[in-house]
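The values are calculated or read from the model by the stated rules, or taken from the named source; none is laboratory data. Predicted model, so just to flag it, every value in this text is computed and none were measured. With ideal geometry, Cβ positions are generated from the backbone for all residues, glycine too; neighbour counts draw on all protein chains shown. Keep in mind that these areas ignore ligands, DNA and RNA; they rest on the heavy atoms of the full protein, side chains included. Shrake-Rupley method; radii C 1.70, N 1.55, O 1.52, S 1.80 Å.
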Amino acid sequence: MKTITIEGQLRSEFGKKATRQIRSEEQVPCVIYGGADTVSFSAPAKAFKDLVYTPDFQIAEIKLGDKTYKCVLKDLQFDVVTDELAHVDFMELVDDKIVAVTLPIKLVGQSVGVKAGGKLVSKLKALKVRALPKHLVENIEVNIDNLELNENIRVEDVKVEGIEITNSPRIPIASVVMTRQLRQEEATAEKDSKKK
C-alpha cells in the first residue's frame, strides 16, 4: 500500500483570523477525526500534491512532533476563487474500527467479448467500501476474462474478503458493447444468408 508522509504542526489558535494567517503562509489547515482525540494541525500546501491529485488510494502518515497518525483522506475543500486547497479532513485508522473509504477499480484479464470484436466500456472507476484498516487494499481487482459481448459486470459480482461494498449492487462496473464494424459485419452476413 502506498503511503505518503506529511509533516505538520499542531494548531493552537482557531477561528477565521488564525485560519487566514495559516493560509497566507501557504499552509493548509487540517483535522484528524476518528481516533481517541480530534487533532487540528496545519501542513505545507505542497505536501498534499501527491495525495490529493491522484486517482490512487493511499495512506497518509501524518507526523506531528513526536506522534505519527496513520490516516486516510476523508474530505477536501477548495477555495472557490483561487481553486487552491483550503482544508483537509483525515480519518485516523484505528485497528478495530471500520472505516468507510473509496477504492479504485482495476480491471484485469482479457475479455472474451473484446476478443470477439467488442469494445470494453468502463462505467465505474471506484467502489465505496467499509472495512477494517488491515483489509484495506490499493485497488479492487475485477477480472473481466468471462465478460461476453453485450454483457455487464455489476457491483454484486465483486467479492473481496474482509471488505463490504456499499454501492448499489446492480450498478454496472464494465461492459462489452458491439462495435459499429461488428454490427455491419453481422448485418452483411445476415443479408447474405437471406439471399441463399
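When the stretch 141-181 is filtered for residues that are assigned to a loop (DSSP other than H, G, I, E, B), open to solvent by 30 Å² or more (accessible area, probe 1.4 Å), over 21 Å from VAL101 (Cβ atoms) and of a type in the set (A, V, I, L, M, F, W, C), the ones remaining, listed by number, are LEU149, MET178. Within the stretch 64-77, being at negative phi and open to solvent by less than 80 Å² (accessible area, probe 1.4 Å) holds for LEU64, THR68, TYR69, CYS71, VAL72, LEU73, ASP75, LEU76.
Surrounded by fewer than 18 Cβ atoms within 10 Å (Cβ to Cβ), more than 20 Å from GLU26 (Cβ to Cβ) and in contact (Cβ under 8 Å) with a residue 12 or more places away in the chain: does that describe ASP96? So that I can check it myself, show each step before the final result.
Numbers: surrounded by fewer than 18 Cβ atoms within 10 Å (Cβ to Cβ): yes; more than 20 Å from GLU26 (Cβ to Cβ): yes; in contact (Cβ under 8 Å) with a residue 12 or more places away in the chain: yes.
The answer is yes for ASP96.
Report yes if some residue within the stretch 117-138 is β-branched (Val, Ile, Thr), at pLDDT below 95 and either surrounded by 18 or more Cβ atoms within 10 Å (Cβ to Cβ) or in a loop (DSSP other than H, G, I, E, B) (or both); otherwise report no. Yes, the conditions are met somewhere in the stretch 117-138.
Each residue in the stretch 60-88 was checked for being over 16 Å from LYS46 (Cα atoms) and acidic (Asp, Glu), and 2 of them qualify. For the stretch 4-31, filtering for residues that are under 15 Å from ALA47 (Cα atoms) and either in contact (Cβ under 8 Å) with a residue 60 or more places away in the chain or open to solvent by 100 Å² or more (accessible area, probe 1.4 Å) (or both) leaves 6. For ASN143, are the conditions met, namely being modelled with pLDDT under 95 and of a type in the set (S, T, N, Q)? Spelling it out, it is not the case that ASN143 is modelled with pLDDT under 95 and of a type in the set (S, T, N, Q).
Condition test on VAL101, is it open to solvent by less than 60 Å² (accessible area, probe 1.4 Å) and closer than 12 Å to ILE4 by Cα? Give the derivation first.
Numbers: open to solvent by less than 60 Å² (accessible area, probe 1.4 Å): yes; closer than 12 Å to ILE4 by Cα: no.
Spelling it out, it is not the case that VAL101 is open to solvent by less than 60 Å² (accessible area, probe 1.4 Å) and closer than 12 Å to ILE4 by Cα.
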